[in-house]
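Have a look at the structure below before the remarks.
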Amino acid sequence: MPSIAAPDEVTVVNAQTGLAISGFDPVAYFTEGGQKVGKADMELTAGAVVWRFINEGNRAAFAAHPEVYRPRFGGYDPVAVARGTSVPGHPMFWAVTAKRLYLFYSDADRVAFLADPGRIIEAAERKWPEVALTIAR
């Protein structure tokens with residue numbers, strides 16, 4: 001299993017499996033236009049976080065540029081982060097905006113985000129350093 005340096009950002013991880021975003025391929029949101037479950041034989045480890053991919057090309061793209069493909073705010077819902085709290089996003093509720101992947105707790109949060117992504121991203125960016133400190137690592 002290939003490994004890359006640990007990301008600077010805290011990431012939502014399943015405590016039992018170590019999988020980020022429930023084993024979904026983070027690159028597929030960009031290349032396939034949606035969520036795709038990664039394969040166990042296509043894994044890459046960053047610190048204690050295991051990422052899965054649907055193919056070697058996606059794994060290589062992530063290894064070369066994890067900062068592009070990792071969900072922003074570590075996979076925490078940006079709507080919640082903008083309110084000053086950490087709520088894990090779900091890989092089925094997502095959006096790619098401003099060339100970044102965002103995961104949401106619910107479809108309602110996704111809809112709220114899409115109504116004014118700039119405002120929510122700006123608020124979440126301001127709050128994220130403080131919120132990230134409250135997340136157990």
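What follows draws every value from the coordinates through simple rules; no lab data is involved. Source: prediction; values computed, not measured. Here the Cβ is made from the backbone with ideal geometry for all residues, glycine too, and neighbour counts use every protein chain on show.
Values as computed for the structure displayed
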quantity	calculated
Proximal charge balance of Val68 [Cβ under 11 Å; K/R count +1, D/E count -1]	+3
Derived scalar couplings ³J(HN,Hα) [segment 90-95; Karplus, 6.51 cos²θ - 1.76 cosθ + 1.60; whole Hz; x for Gly, Pro]	10, x, 7, 10, 8, 7
P(r), alpha carbons of the chain - 10 Å bins starting at zero, rounded %	13, 47, 33, 7, 0
Amide H contacts of Ile54 (H built 1.01 Å from N, under 5 Å, at least 5 apart or other chain)	Lys39
Stretchable slack from Lys39 to Glu125, in nm (0.36 nm times residue separation minus alpha-carbon distance)	27.8 nm
Charge dipole magnitude, Cβ of K and R +1, D and E -1 - the chain, Cα centre, debye nearest 20	80
